[in-house]
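Each remark here refers to the structure printed beneath this line.
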Amino acid sequence: MIFGSVCSGIEAASCAWHPLGWRAEFLSEIEPFPSAVLAHHYPHVPNLGDMTKFKDWPDAAIDLLVGGTPCQSFSVAGLRKGLADPRGNLMLTYLAIAERYAPRWLVWENVPGVLSSNGGRDFGTLLGGLAELGYGFAYRVLDAQYFGVAQRRRRVFVIGHLGDWRPAAAVLFERESMRGDSAPSRKSREGIAPTLSARTKGGGGLGTDFECDGGLIAGTLCSDSHPGGYSGQDAYTNRLVAHSLRGEGFDASEDGTGRGTPLVPVAFDCKSSGQNGFGIGEIASTMRSMGHSNSHQNGGGHQAVMHDSAVRRLTPMECERLQGFPDDYTRITVRGKPAADGPRYKALGNSMAVPCMAWIGRRIQLVDDLISMEIAA
């Protein structure tokens, strides 16, 4: 299958679809660093530059047009000017390019905020434009964490097929994964058992979680069985919840989670760093078990608390892995020197997740092959 790519970035589409035997006819990118990455990896594919100049582009026969137009005007973390923003207006330019080249397949990607931008009218403009061009379409929100990468990255994908909506729906929706119309139960279901609550000291009258104000999260089990000490679980005040990794470049305004604390992993250990205290950064002593009353624990049950500690930022290679790119994919030479980390972070953060694109490509190939078989029969 031959495809054209606009708003190409560092070209997640080519990285995902080349293993399928697909070939890019043209790319379109204006940012200097992503353009350098494209020239490094795909030197024989022309980069046509500014997509608004598409009327000057050469004619080409393509089977598919893919693009993820800028998301800043639709993101809930931005000003949300929608189509009033020149960047948001590139969505209409995408439609104009589709009209010119008339591929039988379309793939368009953006942030979930596009669904509610301008009360949903901006997204409706896209869908209405597709219908006017003769495309049937389907759309779905896909989360990259379910495609094998360590980040939560929800994105809207619109698939268009010239003349019929059913092939587009067959690409995005898997019948086996849907709930369906289940038969009603023949008897009432039993109530759900409440979660047992945890206390850090013996005694007290704390009941089940249904009787508590606010939800309780099950604590981490420890090896502390002392009846007068800790209860064997970590303290439930100010729990530490692990966030998913995120690589979105400088702007960090794509998924609407805000501009607060970076979502990065933290690992720590604890040991006595004073006579009776426990500190961070030392190795905890080995737990032991004895059978007499004088036994004491050296490792179990110690609570570790981290306050205002700094953590390192993710490396560019880790961000490449978060997006499903090969290691050092963006580690190119620029003006005779290795590329700086900043442009690499930005380019990776603005890209699509390669595993998501690979899944979409496989689905399109499957449906396209089935259509060809039906026509041949």
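Readers should treat all values here as calculations from the given coordinates under stated rules, not as data from a laboratory. These numbers were taken from a predicted model, which means no experiment stands behind them. Cβ: placed from backbone, ideal geometry, glycine included. Neighbour counts: every protein chain shown.
Per-peptide packing, taken as the mean over residues of other Cβ atoms within 10 Å, places 355-366, 46-57 in the sequence 355-366, 46-57 from highest down. Label separation (residue 312 vs residue 327): 1.5 nm, computed from points 7 Å beyond Cα along the C-beta direction.
Here the Kirkwood formula, the inverse mean of 1/r across different C-alpha pairs, assigns the range 123-163 a hydrodynamic radius of 11.5 Å. Derived scalar couplings between HN and Hα for the range 356-368 equal 4, 5, 5, 4, 4, x, 5, 5, 4, 4, 4, 5, 5 Hz in order, rounded to whole Hz, by the Karplus curve 6.51 cos²θ - 1.76 cosθ + 1.60 (θ = phi - 60°), x for Gly and Pro. Taking amide H as placed 1.01 Å from N in the peptide plane, residue 153 has its amide H under 5 Å from the amide H of 144, 145, each at least 5 places away in sequence or on another chain.
For the range 23-35, putting each phi into the Karplus relation 6.51 cos²θ - 1.76 cosθ + 1.60 with θ = phi - 60° gives couplings of 9, 7, 7, 7, 10, 8, 8, 10, 5, x, 5, x, 5 Hz, in residue order, rounded to whole numbers and with x for Gly and Pro.
Near the amide H of residue 334, within less than 5 Å, lie the amide hydrogens of 339, all on another chain or at least 5 residues away, with H placed in the peptide plane.
With a Förster radius of 30 Å applied to the beta-carbon distance between residue 141 and residue 335, the computed FRET efficiency rounds to 0.15.
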